[in-house]
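What follows is one structure encoded as structure tokens, with my remarks underneath.
The values are calculated or read from the model by the stated rules, or taken from the named source; none is laboratory data. All figures in this text were calculated on a predicted structure; none of them were measured in a lab. Please note: Cβ atoms are built from the backbone with ideal geometry, for glycine as well, and neighbour counts cover all protein chains shown.
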Amino acid sequence: MVIDIPMAVKKYKKNLTINFKIRFLLLIIYCLLLAGCKEGRLRLATTTSFDNSGLLKVILAEFEKEKKIKTDVIAVGTGAALLRLGRNGNCDILITHSMPDEEEFIKDGFGIDRREIMWNDFVLLGPKNDPAKVKDKDLMLGLKNIVENQALFVSRGDESETHKKEKDLWEKIRIKPSGKWYLETRQGMGQALMIANENNAYCLCDRGTYQ
């Protein structure tokens with residue numbers, strides 16, 4: 001799927017719907033009652049993608065105003081890093097996106113009451129002129145076209161869940177990406193999108209960040 005990246009960057013900055021905000025706000029309040037907080041402060045660990053979306057900032061402003069509780073947000077790039085924070089007792093609530101790791105986390109006794117509140121999938125974004133001709137192609141065929149045309153591809157390169165998905169796709173088509181056409185940013189999703197936009201490059205993005 002090819003989408004004009006300037007449009008993606010614009011949508012990346014949009015707020016989401018009121019209904020979703022309310023649903024998520026209720027989840028945080030519920031988790032707060034379960035986890036408890038010390039001295040009126042709540043430590044919330046989440047991914048950089050969710051933090052960069054702008055939604056969390058809006059929700060927490062309403063939450064803090066209503067509950068008079070300060071929230072400290074810890075944003076990290078990968079689900080694995082998030083769960084390490086939880087295992088070490090460095091946060092009260094975790095919002096992550098790696099189901100197998102989450103289930104193991106609960107099974108090992110480090111957390112309680114795992115709940116699914118969102119879903120996500122991936123889209124291939126690229127410049128409007130689509131030099132690799134990947135529009136209307138499935139994801140793996142699109143990546144093959146990018147390699148064959150040596151079109152610039154921007155990778156997060158940060159071992160995030162999105163980066164792991166990208167590596168899995170390369171493995172499935174038996175390609176080890178390298179060379180001038182492949183740029184690893186070692187940045188979060190928002191920064192990777194900006195770099196792709198500036199360089200007229202392709203980029204694998206989670207749909208939640210794009211929309």
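Being touching a residue at least 60 places away in the same chain (Cβ under 8 Å), more than 19 Å from the chain's Cα centre (by Cα) and closer than 21 Å to LEU44 by Cα is the filter here; which residues of segment 93-133 pass it? Within segment 93-133, ILE112, ASP113 meet the criteria. Screening the candidates LYS137, LYS176, LYS180, LYS172 for the property of being farther than 24 Å from GLN211 by Cβ, free of Cβ contacts under 8 Å to residues at least 24 places away in the same chain and not acidic (Asp, Glu) yields one hit, LYS176. Going through (1) out of contact with any strand residue (DSSP E or B) (no Cβ under 6 Å at 6 or more places or on another chain); (2) closer than 18 Å to ARG115 by Cβ one by one, ASP92 falls short only on (1). Do we have LEU85 as under 24 Å from ARG186 (Cα atoms), out of contact with any Cys (no Cβ under 9 Å at 6 or more places or on another chain) and not assigned by TED's automatic domain parsing to the domain that holds HIS163 here? It is false that LEU85 is under 24 Å from ARG186 (Cα atoms), out of contact with any Cys (no Cβ under 9 Å at 6 or more places or on another chain) and not assigned by TED's automatic domain parsing to the domain that holds HIS163.
Yes or no, residue by residue, for (1) surrounded by fewer than 17 Cβ atoms within 10 Å (Cβ to Cβ); (2) of a type in the set (Val, Ile, Thr):
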| residue | (1), (2) |
| --- | --- |
| ILE112 | yes, yes |
| PRO127 | no, no |
| ALA132 | no, no |
| ASP158 | no, no |
| ILE173 | yes, yes |
| LEU204 | no, no |
| THR209 | no, yes |
